[in-house]
1. Restricting the calculation to Cα positions, tell me the Rg (one decimal) and the Dmax (whole number) of the range 43-126 in Å.
2. Based solely on its DSSP helices, what 222 nm [θ] is calculated for the chain when runs of n ≥ 4 H residues each add -39,500 (n - 2.57) and the sum is averaged over all residues, nearest 500 deg cm²/dmol?
3. So how much accessible area does Arg127 have, in Å² to the nearest 10, using a 1.4 Å probe?
4. Show Lys159, Lys199 ordered by accessible area, largest first, where the area counts protein heavy atoms only and the probe is 1.4 Å.
5. Considering the values [x] 12.5; [y] 14.0; [z] 11.8, which represents mean projected area of the Cα convex hull in nm² as calculated for the structure under consideration?
6. Add +1 for every Lys or Arg and -1 for every Asp or Glu among the other residues with Cβ under 15 Å from the Cβ of Arg101, and state the total.
7. So, with +1 on the Cβ of K and R and -1 on the Cβ of D and E, and no other charges, what is the size of the charge dipole of the chain about its Cα centre, to the nearest 20 debye?
Amino acid sequence: MSQNSTTARVSVIVPVLNEAQRLQSFLEHLQLFRRQGAEVIVCDGGSTDGTPGIARSGADRVLDAQKGRAVQMNTAARAASGDVLLFLHADTSLPRDALERIEGSLNSGYGWGRFDVRLSGQGLLFRLIETLMNLRSRWTGIATGDQALFVTRELFRSKGGFPEIPLMEDIEMSSRLKRYGSPACLRSRVRVSGRRWEKQGVLRTVLLMWALRASYALGVDPARLARWYR
């Protein structure tokens, strides 16, 4: 490893489906972390737009799996060689000090954690939303997929990996990990695309997210929630 590399090797796991339009620039961003010793694994869920071919130009491994974010992440986790698994969406960019921050949290005794979020959208409403997201996560100890959840491979395996449900796999995984201990809530921010909010409307998206989480907490089938989400 280089002088700036972390002691624990990190495997960056990226589930994708038809991300050809943004994937090249995303993988270019990850080269910094590969130079620091991280492994990048892309797991495709059946893309029809050439995503796997693009992924091979910038990832250490490109895998295929059944469609479903949880299934894809579990498939990549089984193939990963890193001591730490970092689950990252293809519309999310890591801060430059991400590996250093993860190493620091491990040295402080944490087994898992997540980053604060910065949304790419402009305006005070986006700043409010991201602030509330970060505060909610600190209060509840729950990390969502947008927050670049990381966990030691040993702990991840001991919890059985992500539950292979159509939606809310990140919420359920966080609940399982909380039984081990509180997450490291890193103040370094990942930058998340605001495309979902911009496309569907900011307030409408926020209300939908609240409704989905409340429904899940009340026991609504994740398959039904996934249909609402789409």
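1. Every Cα atom of the range 43-126 included, Rg and Dmax give 15.4, 43 Å.
2. Calculated mean residue ellipticity at 222 nm is -13500 deg cm²/dmol.
3. 50 Å²
4. The residues order as Lys199, Lys159, largest area first.
5. Looking at mean projected area of the Cα convex hull in nm² for this model, the match is [z].
6. Net local charge, Arg101 excluded: +2.
7. Using Cβ point charges on Lys, Arg, Asp and Glu, the chain gives about 520 debye.
The values are calculated or read from the model by the stated rules, or taken from the named source; none is laboratory data. Bear in mind that the values here come from a model prediction, so they are computed numbers and not experimental data. Cβ: placed from backbone, ideal geometry, glycine included. Neighbour counts: every protein chain shown. Calculation scope for accessible area: heavy atoms of the full protein, side chains included, ligands and nucleic acids excluded. Shrake-Rupley method; radii C 1.70, N 1.55, O 1.52, S 1.80 Å.
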